[in-house]
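In what follows, a single structure is set out as structure tokens and then discussed.
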Amino acid sequence: MSDQNAQSSHDHGIAHPLFATLYDRLPQSALLAPHRNYLVDDLSGRVLELGCGTGDMFPFVADATPTAFEYHAIEPDPHMRTRAARTADDVGLEVDLRDARAEALPYPDDSFDVVLASVVFCTIQDPDTALEEVVRVLKPGGEFRFFEHVHADGWRGTGQTLLNPVWERVAGGCQLTRETIPRFVGHDALAVEEVDRLEFGLFPATPFVRGTVRRRRNGLLE
Ligand SMILES: C[S@@+](CC[C@H](N)C(=O)[O-])C[C@H]1O[C@@H](n2cnc3c(N)ncnc32)[C@H](O)[C@@H]1O
């Protein structure tokens with residue numbers, strides 16, 4: 001495991017020590033396994049994970065035993081990143097782990113075959129800029145795979161809107177009201193492979209959306 005920027009921590013203003021300590025004990029985390037397996041299915045090439053948190057994806061990546069494979073991850077919260085480095089060592093996964101935000105990825109254009117986002121677009125401060133960065137660093141034809149909770153319809157959506165100011169304070173900046181599906185599906189440079197809205201999760205972090213979009217080979221960026 002290499003943590004290239006651990007020594008030179010940028011001040012992202014993102015630091016939630018209590019949330020980092022409690023994160024792996026949250027009731028929902030135990031239910032995520034099938035969806036984490038979806039994200040790692042048949043991985044190959046250069047892969048980037050956004051906002052890896054405590055490294056909860058790492059055991060799934062290690063178990064998938066991909067061939068010809070290089071794993072990179074970014075995480076701006078130093079408390080999360082320290083735990084992620086430990087998880088990588090525990091599961092024997094070689095990870096290039098960097099201190100960075102999804103809105104300013106420290107990689108050249110066309111760098112990755114796959115970008116993974118697991119329960120992170122709810123928390124990223126500027127999701128539109130982050131999505132532009134995903135498109136920029138994906139190779140043409142590369143996959144963006146995601147599993148995210150989104151704003152619900154009806155009374156649950158109203159409840160999320162009311163609860164959000166408190167929730168974001170206790171849940172590390174997480175937003176309950178993100179409209180993630182139109183953001184991903186509506187991007188001109190991305191072609192939809194599959195997108196499923198899942199009635200999954202415990203209120204207030206429900207429902208979820210899971211899917212894969214692919215950077216167009218002949219899209220606007222080429
Ligand atoms: C709910 S946790 C999810 C962690 C992990 N992806 C998982 O599947 O368990 C959200 C993570 O996003 C990180 N984060 C917050 N702002 C971010 C940003 N601007 N760019 C990338 N990650 C960010 C948080 O520090 C936190 O670790």
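The values are calculated or read from the model by the stated rules, or taken from the named source; none is laboratory data. Owing to the predicted nature of the structure, the values given are computational and were not obtained by experimental measurement. We place every Cβ from the backbone using ideal geometry, glycine too, and count neighbours over all the protein chains shown.
Among residues of the range 23-48 that are basic (Lys, Arg), those with a Cβ under 8 angstrom from a residue that is surrounded by fewer than 20 Cβ atoms within 10 Å (Cβ to Cβ), sequence gap 6+ or separate chain, pair up as 36/56; 46/70; 46/111; 46/113. Across the range 9-30, the qualifying residues are those that are modelled with pLDDT of 80 or more and crowded, with 16+ Cβ neighbours inside 10 Å, and the one among them that is farthest from the ligand (Cβ to nearest atom) is 16. Among the criteria (1) modelled with pLDDT of 95 or more; (2) over 19 Å from residue 201 (Cα atoms); (3) in a helix (DSSP H, G or I), the one residue 182 does not fulfil is (1). Of all residues in the range 148-163, those satisfying the criterion of being away from the ligand (no atom under 15 Å from the Cβ) and either in contact with a Ser or Thr (Cβ under 7 Å, 6 or more places away or on another chain) or farther than 19 Å from residue 211 by Cβ (or both) are 151, 152, 154, 155, 156, 157, 158, 159, 160, 161, 162, 163.
Picking from residues in the range 116-163 that are of a type in the set (D, E, K, R) and touching a residue at least 24 places away in the same chain (Cβ under 8 Å), the one that is surrounded by the fewest Cβ atoms within 10 Å (Cβ to Cβ) is 128.
Of the strands (runs of 3 or more DSSP E) that lie entirely inside the range 31-147, those containing 1 or more residues that are more than 12 Å from the ligand (Cβ to nearest atom) and over 25 Å from residue 15 (Cα atoms) span 45-50, 69-74, 112-118.
In the list 82, 87, 65, which residue meets the criterion of being modelled with pLDDT of 95 or more and more than 28 Å from residue 129 (Cα to Cα)? Walk me through how you get there before you give the answer.
Numbers: 82 fails: more than 28 Å from residue 129 (Cα to Cα); 65 fails: modelled with pLDDT of 95 or more.
Of the residues listed, the single one that is modelled with pLDDT of 95 or more and more than 28 Å from residue 129 (Cα to Cα) is 87.
Within the range 164-177, being in a helix (DSSP H, G or I) and touching a residue at least 60 places away in the same chain (Cβ under 8 Å) holds for one residue alone: 170.
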